[in-house]
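These notes are about the structure you will find just below.
The values are calculated or read from the model by the stated rules, or taken from the named source; none is laboratory data. As the structure is a prediction and not an experimental result, all values here were calculated from the model. Note that each Cβ is placed from the backbone with ideal geometry, even for glycine, and that neighbours are counted across all protein chains shown. When the accessible area is computed, the model is the full protein with side chains, heavy atoms only, and any ligands, DNA or RNA have been set aside. Shrake-Rupley method; radii C 1.70, N 1.55, O 1.52, S 1.80 Å.
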Amino acid sequence: MSVLVNRTAPSFVAPAVLADGSIVEDFDFASLRGKYVVVFFWPLDFTFVCPSEIIAHNNRMDKFRALGVEVVGISVDSQYTHYAWRSTPVEKGGIGPVGFTMVADVKHEITRAYGVEHEDGVALRASFLIDRAGIVQHQVVNNLSLGREVDEMIRLIDALQFTEEHGDVCPAGWRKGQPGMQESPEGVASYLAKHASEL
């Protein structure tokens with residue numbers, strides 16, 4: 001497994017099911033350059049923890065869109081399996097018509113490029129936050145049995161956009177609306193004097 005933070009996110013062209021349900025054979029990740037992107041991997045369609053994570057991302061699509069973020073999901077299933085899964089109602093074990101692109105990585109090339117292939121040949125539960133320049137700013141990787149907290153990704157997007165706008169850094173547990181910290185010894189001292197007991 002590799003750490004991609006502070007490196008350019010690997011690009012790819014692959015089959016996918018788009019948010020409108022159409023299937024394309026050549027979804028080009030490079031077309032998203034200039035936008036914030038969340039890329040997340042899951043092991044397999046039609047499994048157990050996976051649909052809860054897919055639906056959790058989909059339930060927050062309004063928040064992602066409000067923040068100007070594109071969401072791209074990836075597994076080693078084919079585009080046709082993705083299509084079948086999103087065509088299956090939630091109450092029957094499917095995910096319904098989710099509002100983000102689902103990429104088919106049947107050759108495992110993308111999973112390997114991002115360094116998140118499990119020894120069983122599926123993808124680990126990995127998420128990457130990529131800035132508008134294509135640089136990975138955050139990654140988290142869970143083992144197969146541990147579902148993610150999607151709201152943490154929303155928090156980190158808020159933090160990234162705050163630092164880009166204001167230049168301040170974001171201390172532990174920072175949330176939108178809270179003060180940042182100036183990146184200096186004086187800034188640390190000033191922040192901790194006021195907020196250390198809240199951390």
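Each row is one residue, and each column tells you yes or no for (1) surrounded by 16 or more Cβ atoms within 10 Å (Cβ to Cβ); (2) modelled with pLDDT of 95 or more; (3) closer than 16 Å to Thr47 by Cα.
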{"site": "His82", "(1), (2), (3)": "yes, yes, yes"}
{"site": "Pro89", "(1), (2), (3)": "no, no, yes"}
{"site": "Lys92", "(1), (2), (3)": "no, no, yes"}
{"site": "Ile95", "(1), (2), (3)": "yes, yes, yes"}
{"site": "Val103", "(1), (2), (3)": "yes, yes, no"}
{"site": "Thr111", "(1), (2), (3)": "yes, yes, no"}
{"site": "Leu124", "(1), (2), (3)": "yes, yes, yes"}
{"site": "Gln139", "(1), (2), (3)": "yes, yes, no"}
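Highlighted here are the helices (runs of 4 or more DSSP H) found entirely within the stretch 89-199 that include at least 3 residues which are touching a Leu at 6+ places or on another chain (Cβ under 7 Å) and touching a residue at least 40 places away in the same chain (Cβ under 8 Å): 150-166.
Does Trp42 fit the bill of being in contact with a Cys (Cβ under 6 Å, 6 or more places away or on another chain) and open to solvent by less than 10 Å² (accessible area, probe 1.4 Å)?
yes
Of the residues making up the stretch 64-78, one or more are surrounded by fewer than 17 Cβ atoms within 10 Å (Cβ to Cβ) and not in a loop (DSSP other than H, G, I, E, B).
Any chance the stretch 21-38 includes a residue that's assigned to a loop (DSSP other than H, G, I, E, B), under 14 Å from the mean Cα position of the chain (by Cα) and modelled with pLDDT of 95 or more? Yes, the stretch 21-38 contains at least one residue that is assigned to a loop (DSSP other than H, G, I, E, B), under 14 Å from the mean Cα position of the chain (by Cα) and modelled with pLDDT of 95 or more.
Only one of these is over 18 Å from the mean Cα position of the chain (by Cα) and exposed (fewer than 12 other Cβ atoms within 10 Å of the Cβ): Ala133, Ala172. Name it.
Testing whether each residue is over 18 Å from the mean Cα position of the chain (by Cα) and exposed (fewer than 12 other Cβ atoms within 10 Å of the Cβ) leaves just Ala172.
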